[in-house]
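Every read-out reported here was derived from the displayed coordinates using simple, explicitly stated rules and does not represent laboratory data. Not measured: the values here are computed from a predicted model. Cβ coordinates were reconstructed from backbone atoms using ideal geometry, including for glycine residues, and neighbour counts include every protein chain displayed.
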């Protein structure tokens, strides 16, 4: 009797292994011209066909939250370039988080994640929202237990990793692979740069000129961020958990410094600032023009300019129309 | 067949039991108990809300009255040093078996029993206040028990955003008008394995000499450790004045929820690792 069971088991296993061919091809990953270097973590977790497919499904899986209501996509909405339109993130049971939801785009090229850069590898990021009380309020084992109840995941994990086991590592890696594929590099600006026949309007061209003069020292490179941390004197978040970059480093010099945000798809990601202080892009420009809050570590570029970036109404209009050329309609599905 | 199996099991057990009783006079291992006494100077702390008259009040070197409503800290990486210098690590790489949350509100957590400690005389105790960086990753799969203890709703010893544990969590009140104080510590270290590239390490190693050696053998010794929270504000490294909205070198805000100003408290609690290796901790008694 015992022997029969053992034989039966091993037969079945052989059969499964026999029919299953593990073949999960790496996806082609194009580096847009002029983009900065890839994060090293990318090379250890290159996007593959089935892990990306799995990652996308996990990204949109509400079972990640304690009460099955919130997925990553609830806050990171593709129509808003994977950001949302709320000042601060709203998670499970309408709980309000500390910060504004940033877009998820061109992550493969970033060396620091989050407003304060506390995460250095994308694979280490998904656990944070899963366990955060104001976001998904769950735990990785709770998530895995739920996914194990869904037969489709067995197949998806099998195809992606060669066997159906669901592990924390596989979840993190597949989500990161999916995020690596979210590259936005097809805005009007890009097409003009690539000389595909389009032209800036006169106002856009004037805006670009002003942008290079007044903004590009921080919003630099083709990502429109130099990925440095700076205090530009935006109205401060008084929550005791907020200290900007200094939350991580503890250094007074880093107090309320934030990673310079990319301005790609900026039109879709209102409101603006680390906790959504500004409803519109115009509000941001008005604030820079009127003068920012002073601070001991206010960025030297602003200090040298009397704590402001002076802009007249025409200049604001021009910059705003330039910023619109950074919209990648295809990326946001419009 | 079944009977035979039972019979065999029985006899194996009997043999094992026989072996036990034979060694009782001279066991190869026994328990060692750590008992924590959280104090303000010599007075054991009684927790209490903003206006609780029963709460133990303390006055800092700078004259600030304060008391606590919540007091928790994490111990891990426990090592016992034998009289001959040999070091006995106690599940140092297993948070489920070798780490604990001391919670002043739960009397049972103030006693931590190390089991199966090899018999012998011990002259020194070392432990970590907090969790060393390699293990400080909120790895629920690897250490589910400790993860659940630390994450429980009435404990909240996690810094979710830093994917690490809180090492200490102190809530309380200060000054005559009972303003809230809230001191949390934890590490924000990040970087590839063994290669810290950013962040602050709040883990501290404590070394305590045992004036009376602990004798593990026929009996299980108990070491009583005093944790004197008077030193939180009036420490060996920093004399702290709590004040809102200043950044003078000796002052600190009463709300420490980030790495900012945190090390002042960390160094007072767990020592600065240079000339203070004991922080708030001292051995008050060894019972053999």
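General observations
- Degrees, to the nearest 10: B:2-23 long Cα axis against longest axis of chain B: 70
- Prolate/oblate/rounded label for the stretch A:27-180 (Cα gyration tensor, a/c 1.5): oblate
- Rg/Rg_ref, the stretch B:130-280, where Rg_ref = 2.2 N^0.38 Å and atoms are Cα: 1.17
- The alpha carbon convex hull volume per residue for the stretch A:269-315 rounds to 88 Å³.
- Alpha-carbon Debye profile of the stretch B:165-226, log10 I(q)/I(0) at 0.25 Å⁻¹: -1.05
- Cα-based helix-to-principal-axis angle, A:313-324 vs chain A, degrees rounded to 10: 20
- Remark: the Cα gyration tensor places the stretch B:118-170 in the prolate category, a/c being 1.5 or greater and a/b exceeding b/c.
- Averaging Cα coordinates gives a centre for the stretch B:40-77 and one for the stretch B:208-279; these two points are 14 Å apart.
- Whole-number D in µm² s⁻¹ for the stretch B:30-287, Kirkwood Cα-pair radius fed into Stokes-Einstein, 37 °C, 0.692 mPa s: 175
- Taking chain A as a Gaussian network of alpha-carbon nodes connected by springs under 10 Å, the highest mean-square fluctuation of the residues A:244, A:117, A:197 belongs to A:197.
- Average other protein chain Cβ within 10 Å of Cβ, residues A:119-132: 3
- Over the protein assembly as shown: Kirkwood hydrodynamic radius from C-alpha pairwise inverse distances, Å: 27.8
- Zone residues, the stretch B:132-168, relative to residue B:94, backbone N less than 19 Å from point 7 Å out along Cα-to-Cβ: B:132, B:134-150
- Stokes-Einstein diffusion of the stretch A:19-73 at 4 °C, 1.567 mPa s viscosity, Kirkwood radius from Cα pairs, rounded to a whole number: 94 µm²/s.
- Relative contact order (%) - criterion: Cα under 8 Å, at least six apart; region: chain A: 20
- When you count the other C-beta atoms within 10 angstrom of each residue and take the mean per peptide, A:30-41, B:166-177 line up highest first as B:166-177, A:30-41.
- Fraction of beta bridges assigned by DSSP in the stretch B:30-287 that are antiparallel (%, nearest 5): 85
- Stokes-Einstein translational diffusion, the stretch A:188-332 - Kirkwood Rh over all Cα pairs, 0.692 mPa s, 37 °C, in µm²/s: 204
- Computed over chain B with a Gaussian network model linking Cα atoms closer than 10 Å, the most mobile of B:33, B:134, B:205 is B:134.
- The ranking of A:72, A:218 from fewest to most other beta carbons within 10 Å of each one's beta carbon is A:218, A:72.
- GNM on chain B, alpha-carbon springs under 10 angstrom: the most fluctuating residue among B:26, B:251, B:238 is B:26.
- Restricting the calculation to Cα atoms, chain A yields a radius of gyration followed by a Dmax of 22.9, 89 Å.
- Overall size of the stretch A:120-273 from C-alpha positions, given as principal axis extents largest first: 57, 47, 23 Å.
- With neighbours defined as other Cβ atoms within 10 Å of a residue's Cβ, the residues B:53, B:76 order from fewest to most as B:53, B:76.
- The label-point distance for residue A:317 and residue B:287, in a model that sets each label 7 Å from Cα toward Cβ, rounds to 8.5 nm.
- Nearest 10 degrees, 0 to 90: helix A:2-19 Cα axis against chain A principal axis: 40
- Residue list for the stretch B:211-234, given a label point 7 angstrom along the Cα-to-Cβ vector of residue B:113 and an amide N cut-off under 20 Å: B:214-225
- Taken along its principal axes, the alpha carbon cloud of the stretch B:71-184 reaches lengths of 53, 37, 24 Å, longest axis first.
- Rounded to the nearest 0.05, the FRET efficiency derived from the C-beta distance between residue A:199 and residue B:132 at R0 = 60 Å is 0.50.
- Look at the stretch A:244-252: the mean tally of other chain Cβ atoms within 10 Å of its residues' Cβ atoms is 6.
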